[in-house]
Amino acid sequence: MSQTDPFAGIEPRALWSHFSAFTKIARPSGQEAAIAAHVRDWAASRNLEAVVDAVGNVIVRVPATKGREKAPTVILQGHLDMVCERNASSPHDPERGDIHVVRDGDFLRADGTTLGADNGVGVAAGMAVADDPTVVHGPLELVMTIDEETGMTGAQGLDGSLLKGRIMLNLDSEEDTALFVGCAGGGDLRFQFEGTRAKVEGTALAVKVEGLQGGHSGIDINNNRANAIHTLVRLVQEGAKVSPVCLASIAGGSKRNAIPREAHAVVVVPADKEAAFRAALKTLVEDLRFQFKGLDDGLDVKVEAASASDAFGVADSARLLDFLRAMPSGVVAMSKDLAGLVESSTNLGVVSTKGNEVEILTLARSSVMPALRDMLDAQTGLARLAGIKSEYLGGYPGWKPNMESKVLDVTRKAYARLFGHEAGITAIHAGLECGLIGERIHGMDMVSFGPLLVGVHAPNEKVSIPSAQKFWKLLGAVLDDLSA
C-alpha cells in the first residue's frame with residue numbers, strides 16, 4: 001500500500017489520473033462550477049471543443065481516430081456531481097474537495113467520507129479515452145451533466161440540439177457483471193410540519209442514533225438496513241410509553257437519496273421520569289440489535305444530558321412522531337419481470353428542525369409509473385391525516401428496456417468475446433439519466449455499464465481496481481466495434 005499516493009502504479013493511468021484530480025475538487029450537487037472549469041481547462045489543453053449549455057452541462061467533442069472519421073458519433077455520458085456524505089467524526093469533507101483516498105487491497109476507498117467514484121470514475125474514463133491514443137473510436141461527444149444526484153436537472157435541461165450522437169454509452173452503473181438496459185423513475189416529496197412551541201419544565205436529553213451503514217436508497221434498499229430516522233423515532237416513542245415527551249428538535253439524514261446513517265433528537269421529560277425513559281430505550285436498543293443482526297451491526301445509541309429552552313407540546317410531538325413512524329421506508333414491491341430486482345421503494349431521507357417547523361424529505365422509486373404515483377399519493381394522504389403540508393418537488397421518468405437495441409447487441413458481444421461468458425442483462429432500481437435523455441432526444445440508442453462500486457452514497461465508498469480495468473477494457477472494445 002502506498003502511504004503517499006494510493007493511485008501509484010495502477011492502470012489505466014489516464015483514468016486514475018483524472019479521477020485523482022476529481023477527489024481534490026469540491027463537486028456537491030448544484031455546485032459544479034469548479035469541476036466544470038477543470039474539465040474545460042483540460043479540453044482547452046488538448047485543443048478539444050468544449051461547450052456549456054444553458055443549465056451548465058459540459059459537452060466536449062473528440063475527433064475520431066484516423067480512419068474512423070465516418071463512423072457514427074457516440075456519446076459517453078456521466079455526471080459531474082457527487083453525494084457528499086461524511087461521518088460526524090471524520091476530519092475530511094467532500095464538500096470542501098477534501099477526500100482522503102486509501103488503497104485497501106484491490107480497492108480504492110474513501111476514509112470516513114464518500115469517494116465520488118459515483119460518477120467520477122465514469123467521467124474520468126471518458127476523458128481518458130480522449131487522452132489515450134491506443135483507444136480506437138469514431139467521433140465522440142463527452143456529455144457531463146450537472147446535479148444528477150439531487151434532481152437530474154442537468155439531464156432535464158440538456159440541450160439536445162448541441163448533440164449529433166444518437167448512440168449513448170452511459171458510464172454510471174455500479175456492477176461489472178451486467179449491462180443495464182432500464183432504470184426506475186422517481187419522485188420527491190417535501191413535508192412541512194408546523195407545531196406550537198412553549199417553555200417546558202423537566203430534564204432535556206439528547207437521543208443519538210449513530211453507526212449505521214446507510215447507503216444508496218435505490219441500490220441498497222433491498223438490504224433491509226436500519227433507517228436512522230425510523231430507528232430514532234422508535235426509540236423516542238418507546239420512551240413515550242412510560243413518560244410524557246416534548247420534542248425540542250429532531251434531525252437526521254442529509255440527502256433524500258441516501259439511507260440515513262445518523263439521526264438525533266432533543267426531548268424534554270419530567271425529571272422524575274428520566275430513569276424510566278432511559279430504561280425503556282435501553283431495552284429497545286437490545287431488540288433493535290437483534291432485529292438488525294447481520295444487516296446493520298454497528299448501531300450505537302447514546303442518551304446524553306442536553307439543554308432546551310422550549311419544545312413542542314406532548315400532542316404536537318406525538319403527531320409528528322406518529323407521522324414519521326408511519327412513513328414507509330424500504331422495499332414496497334419486487335419486480336415481476338426480473339428476478340431479484342426491486343420494482344418499487346421509498347426512502348425517508350431527511351428530517352430537520354427550524355423553529356416551529358420540521359421539514360421531511362422522501363424519495364419514491366419505481367419502474368412501474370402507476371405504482372410510483374400510488375406511493376406518492378399514499379404519502380400525501382398520510383400527511384393530510386396528520387395535518388402536515390406536502391409538496392411534490394418533481395421527478396424523472398424510468399428507462400424502458402429495448403432488447404432489440406443495436407448498441408446493446410454490440411456491447412454484449414464485446415463482453416462475451418473479452419471475458420469468455422455472457423454479461424447479465426438487467427435494469428437498476430435507481431435513477432439513471434438515460435430515461436430523461438431518451439425522452440428529450442428521440443431515437444437515442446443506449447446501454448449503461450461501469451465498474452464495481454461498493455457503498456455508494458455512504459462513507460467508506462470504494463471502487464474495485466481490477467473491475468475498473470475490466471470496465472476500461474470493455475469500453476475500448478465497444479468503441480472500436482461501433483466505429484469499425
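None of the figures in this text is laboratory data; all of them are computed from the coordinates on show. Keep in mind that what you see is a predicted model, and the values were worked out from it rather than measured. Quick reminder, even Gly has a Cβ in these numbers, built from the backbone with ideal geometry, and neighbours come from all protein chains shown.
Cross-link list Lys255/Lys406; Lys24/Lys302; Lys273/Lys354; Lys336/Lys413; Lys208/Lys400: which exceed 32 angstrom alpha carbon to alpha carbon? Write down the numbers at each step before the final one.
Working: Lys255/Lys406 36 Å; Lys24/Lys302 34 Å; Lys273/Lys354 27 Å; Lys336/Lys413 27 Å; Lys208/Lys400 42 Å.
Distance filter (> 32 Å) returns Lys255/Lys406; Lys24/Lys302; Lys208/Lys400.
For the peptides 150-157, 449-456, 269-276, what is the packing order when you average, over each peptide's residues, the other Cβ atoms within 10 Å and list the highest mean first?
Going from most to least packed, we get 449-456, 150-157, 269-276.
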Treating only Lys and Arg (+1) and Asp and Glu (-1) as charged, each at its beta carbon, one finds that region 78-159 has a dipole about its Cα centre, in Debye to the nearest 20, of 180 debye
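Per the helix-only calculation at 222 nm, which mean residue ellipticity applies to the chain, given -39500 (n - 2.57) for every DSSP H run of n ≥ 4 and division by its residues, nearest 500 deg cm²/dmol? Kindly include the intermediate steps, with their values, before the conclusion.
Numbers: 11 runs with 144 residues, N = 484.
Theoretical 222 nm ellipticity from helices: -9500 deg cm²/dmol.
According to the square roots a ≥ b ≥ c of the eigenvalues of the Cα gyration tensor, what is the shape class of region 187-396, taking rounded for a/c under 1.5, prolate for a/b larger than b/c otherwise, and oblate for the remainder? Numbers along the way, then the final one.
Numbers: a/c = 2.45, a/b = 1.48, b/c = 1.66.
It comes out oblate by the Cα gyration axes.
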Simple spin-label estimate for Ala271/His442, 7 Å along Cα→Cβ, in nm, reads 7.6 nm
Calc'd 3J(HN,Hα), region 15-20, phi into Karplus 6.51 cos²θ - 1.76 cosθ + 1.60 (θ = phi - 60°), Hz, glycine/Pro = x, comes to 4, 5, 4, 5, 5, 4
One point scatterer per Cα, no solvent, Debye formula: log10 I(q)/I(0) for region 1-106 at q = 0.16, 0.21, 0.22 Å⁻¹ comes out as -0.90, -1.25, -1.29
Here the gain from full extension of Leu418 to Arg46, 0.36 nm per residue of separation minus their alpha-carbon distance, amounts to 130.9 nm
Among [x] 83, 51, 42; [y] 68, 51, 39; [z] 60, 50, 42, the entry matching Cα extents along the principal axes in Å as calculated here is [x]
Residue by residue through region 333-341, the couplings from Karplus 6.51 cos²θ - 1.76 cosθ + 1.60 with θ = phi - 60°, in Hz, x for Gly and Pro, are 7, 9, 5, 7, 9, 10, 4, x, 8
Residue-ordered couplings for region 149-155, obtained by feeding phi - 60° into the Karplus form 6.51 cos²θ - 1.76 cosθ + 1.60 and rounding to whole Hz (Gly and Pro as x), are 6, 10, x, 6, 5, x, 5
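May I ask you to order 29-39, 282-292, 224-234 by the average number of other C-beta atoms within 10 Å around their residues, highest value first?
Values: 29-39: 18.5, 282-292: 14.3, 224-234: 23.1.
With the highest mean Cβ count within 10 Å placed first, the list reads 224-234, 29-39, 282-292.
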Amide H proximity to Gly398 below 5 Å, modelled H, separation 5+ or other chain, gives Gly185
